[in-house]
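I have placed the structure first, in the form of structure tokens, so that the comments after it can refer back to it.
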Amino acid sequence: MKKKGLITGASRGIGNAIALKLAENGYDLILTGRDVPMLGSVKDACEKRGAEVGVHTADLSDEKEITDLFKKSGAIDLLVNNAGFGIFDAIEDIKLDDWQAIQKINVEGALLCMREAMRSMKKSGGGRIINISSVVGVKGYPNQVAYGASKHALLGLTKTAIEEGRDHNIRVHAICPGGVATEMVKQARPDLTDFSAMIQPEDVADAVAYLCSLPHTITIDCIHLRRAASPQTW
Ligand code: NAP
């Protein structure tokens, strides 16, 4: 039987690449985000690769939209918690609203998706959750205080979920990429201009596919994916 994966932030960038890769690898998919036309074009591309695809829009700042999303999606084998965003300011310039908006999506949204997925996976006998954190989840960068704190928090959620999932056959992983060639990196790292030297969204998708290929008897807690030109992060 085909496995079913739910990908948040599937409308563009890294989430789009993950959707295409999983479709190629035989998954059926639930794609979510807010941008209906973009989700539609990712759906078409995944269907061309053989996947059965459902699109359920949800704003991850809204708990009810998240619970509705999981109700509509039914049982899933895989959750990729990929949606995220950043506003990039120095500490002295940070606005409380911006801080709260980032934590709302990157931490609370991810937590609520994990809550719904774990409830469902416990009932169905297991599954896998992959959280897309960041190099700024393990390292400080100037002007990234709110975003960096949210990605540190996502690793904290991951560590707890690894423990709570273990005895229920739920494997939980994080991926911490450095700069990936998407729209987001233009705001986060305006100093990086050579997209060809960056990690590509497909590289992150390959890491997701690798984690999905692991037998349930072994696991990898975190993949640090770094531009070869950048310093080591662990
Ligand atoms: P992106 O191109 O800006 O895509 C972000 C995705 O998140 C979009 O699909 C967007 O969907 C979704 N999203 C944002 N706010 C949302 C909300 N309120 N409700 C539902 N969905 C929402 O960014 P990306 O570079 O692909 O990043 C994907 C993930 O990788 C993020 O978690 C990011 O932090 C992480 N990451 C990125 C980099 C990088 O350098 N690019 C490096 C490390 C980690 P809609 O617009 O359709 O809602």
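The values are calculated or read from the model by the stated rules, or taken from the named source; none is laboratory data. Since the structure is predicted, the reported quantities are computational estimates derived from the model, not experimental observations. Cβ: placed from backbone, ideal geometry, glycine included. Neighbour counts: every protein chain shown. For the accessible areas, the whole protein counts, side chains as well, though only heavy atoms, and no ligand, DNA or RNA atoms are used. Shrake-Rupley method; radii C 1.70, N 1.55, O 1.52, S 1.80 Å.
Here are the numbers for the structure shown:
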{"item": "The stretch 90-219 - Rg and Dmax from Cα coordinates, angstrom", "result": "16.1, 48"}
{"item": "Relative contact order, percent, the chain [alpha-carbon distance under 8 Å, six or more residues apart]", "result": "19 percent"}
{"item": "Accessible surface of HIS216 - all protein chains present, 1.4 Å probe, nearest 10 Å²", "result": "60 Å²"}
{"item": "Computed Kirkwood radius, in angstrom, where 1/r is averaged over Cα pairs of the stretch 114-181", "result": "12.7 Å"}
{"item": "Debye intensity ratio in log₁₀ form over the Cα atoms of the stretch 53-103, taken at each q of 0.14, 0.28, 0.30, 0.32 Å⁻¹", "result": "-0.52, -1.18, -1.27, -1.34"}
{"item": "The chain: calculated mean residue ellipticity at 222 nm from DSSP helix runs of at least 4, using -39500 (n - 2.57)", "result": "-13500 deg cm²/dmol"}
{"item": "Accessible area in the full protein assembly, largest first, 1.4 Å probe, for TRP99, TRP234", "result": "TRP234, TRP99"}
{"item": "The chain, accessible area per residue, ligands and nucleic acids excluded (1.4 Å, Å²)", "result": "48 Å²"}
{"item": "Cα centroid separation, the stretch 1-77 to the stretch 179-234 (Å)", "result": "20 Å"}
{"item": "Trypsin sites (Lys or Arg not before Pro) restricted to the stretch 72-134 and DSSP loop, no more than 15 other C-beta within 10 Å", "result": "LYS95"}
{"item": "Protein accessible area in the stretch 4-225, 1.4 Å probe - carbon and sulfur %", "result": "52 percent"}
{"item": "Dipole magnitude of the stretch 4-225, debye to nearest 20 (Cβ charges: Lys/Arg +1, Asp/Glu -1, about Cα centre)", "result": "600 debye"}
{"item": "Tail beyond 19 Å, pair distance distribution of the stretch 181-234 (Cα, percent)", "result": "41 percent"}
{"item": "Hull volume in cubic angstrom per residue (convex hull over the Cα atoms of the stretch 4-225)", "result": "112 Å³"}
{"item": "Listed residues LEU157, LEU96, LEU78, most fluctuating in the chain (Gaussian network, C-alpha, under 10 Å)", "result": "LEU96"}
{"item": "Sequence of SER150, SER124 from largest to smallest accessible area, 1.4 Å probe", "result": "SER124, SER150"}
{"item": "Cα-based helix-to-principal-axis angle, 201-213 vs the chain, degrees rounded to 10", "result": "40 degrees"}
